[in-house]
Amino acid sequence: MTQPPSGYGHPQHPLPYPNASTPVRRWWQHPALVIAVLVVIPPGGIALAWFSHWSQTKKITATVLASLWFITPFLGDLPKDPKADAKPKSAATAAATSTPSASPTPSGPPSFVGENLKRAKAAAYDAGYNAIAHDASDDEAGQWDDDNWKVCFQTVAAKKVGSMPTLDFGVVRNEWPCPAKDGEAIPHPKMPTVVGQTFAKASATLKPFAFNAIEADSAYTDVTLPATVNDWTVCFQDPRAGEEIEYPKTTTAYLKVTAPGTACPKTEFTELHPDPTPPSTGDDDSGSSSSGSFGGEEGVTPGAYCSTPGSTGVSDKGVVYTCKGPGKERWRR
């Protein structure tokens, strides 16, 4: 048997065979495999890491990192309360609906119903449409001044005006209400009853009609009105109750009033303090001569309208009246 050379096996010259106490690494303990499983299946990778030959520090580090990697997908935002989320979504939806896109695809022309005809035509042209108009009532009035009319109905005209699509507007005058349907009669407002109200209350009742003016006049022809008659009572009205008001801008409402505590006369053109009727002399010629020598208009009706301010007249009872105000001239004492 050949002896090994002297000094062979000394610590400085280790034996060529591994120490019998060194553990053998299995295939499932290979570092590359353990790392791959830690990434793909973190729980399995953690188990392999602890059965590997890694140091204690590496095993702990691998466990922490793999655990974080495993639970990260489950750490998303908590579900929101549907009630709390409903309002913002609704607002966002409304904003998206009301805000046009940069290049919208028009599904139809914009609506100009309710707008002044002159402005509606200009806006329609800016939107790419020509416009024509017709009377929306059962009349056939022409629109000489577009600014005096408003749009009640709108349709696309069957024929184009020029090369642009055309809108056909059904219109009425600005101060009139729209009919229920295009071509039907206009439901003009009717004069309400203001008799029995104070002048102030009656004026407030008539204000929505937008009359040209609301004027007070005395219910008695021989009573002159003071500067303010707000607390006086309305006895007669013109226009009459129930009368249709077609042209309020050119109509004046006349209210005949009487002072507080004074009863209304039974008829218009009545005197509160009439002169006593003179006794008849039975001499028709004398009467005719007397009235004929007066030199004024004969047979005037007290309170009736007159045309020549300052002129005088005599009634059938022989009372002298003067054509004067206040307000519109009437035969007054």
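The values are calculated or read from the model by the stated rules, or taken from the named source; none is laboratory data. Since we're looking at a predicted model, the values are computed, not measured. A quick note on method: Cβ atoms are made from the backbone with ideal geometry, for glycine too, and the neighbour counts reach across all protein chains shown. SASA here: full protein model, heavy atoms, side chains in, ligands and nucleic acids out. Shrake-Rupley method; radii C 1.70, N 1.55, O 1.52, S 1.80 Å.
For region 110-128, which residues satisfy the criterion of being part of a loop (DSSP other than H, G, I, E, B) and touching a residue at least 40 places away in the same chain (Cβ under 8 Å)? Lay out the reasoning, then the answer.
Pass one, region 110-128, residues part of a loop (DSSP other than H, G, I, E, B): 110-115, 127-128.
The answer is S111, F112, V113.
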Next on the checklist: What are the pairs with Cβ atoms under 8 angstrom where one residue, in region 317-333, is more than 13 Å from G299 (Cα to Cα) and in contact (Cβ under 8 Å) with a residue 40 or more places away in the chain and the other, located anywhere, is among the basic types (K, R) and open to solvent by 20 Å² or more (accessible area, probe 1.4 Å)? Sequence gap at least six, or different chains.
Outcome noted: R330/K324; R332/K324
Next on the checklist: Taking the conditions exactly as written (closer than 22 Å to T322 by Cβ and within 44 Å of the chain's Cα centre (by Cα)), does D222 satisfy them or not?
Outcome noted: no
Checklist entry - Only one of D238, D217 is closer than 24 Å to E329 by Cβ and touching a residue at least 40 places away in the same chain (Cβ under 8 Å); which? => result D217
Checklist entry - With respect to D85, is the statement that it is out of contact with any Lys or Arg (no Cβ under 7 Å at 6 or more places or on another chain) and modelled with pLDDT under 55 true? => result yes
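If I ask for residues that are among the polar types (S, T, N, Q), surrounded by 14 or more Cβ atoms within 10 Å (Cβ to Cβ) and under 24 Å from the mean Cα position of the chain (by Cα), which ones from region 109-136 would you list? First the steps, then the outcome.
If we filter region 109-136 for residues that are among the polar types (S, T, N, Q), which is where we start, we get 111, 116, 130.
Next, only the ones that are surrounded by 14 or more Cβ atoms within 10 Å (Cβ to Cβ) stay: 116, 130.
Residue satisfying the conditions is N116 alone.
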Checklist outcome for this item: With criteria (1) of a type outside the set (A, V, I, L, M, F, W, C); (2) at pLDDT 95 or above; (3) not in a strand (DSSP E or B), K159 comes up short on (2)
Checklist entry - Are there any pairs, at least 6 apart or on different chains, whose C-beta atoms fall under 7 Å, with the first in region 189-207 and open to solvent by less than 40 Å² (accessible area, probe 1.4 Å) and the second polar (S, T, N, Q) and not in a helix (DSSP H, G or I), and if so, which? => result V194/Q237; F199/N230
Checklist outcome for this item: Per the filter on region 129-178, residues in contact (Cβ under 8 Å) with a residue 40 or more places away in the chain and among the β-branched types (V, I, T) are V156, V171
Item to check | Any helices (runs of 4 or more DSSP H) falling wholly within region 26-71 and containing at least 2 residues that are polar (S, T, N, Q) and open to solvent by less than 90 Å² (accessible area, probe 1.4 Å) | outcome: 56-71
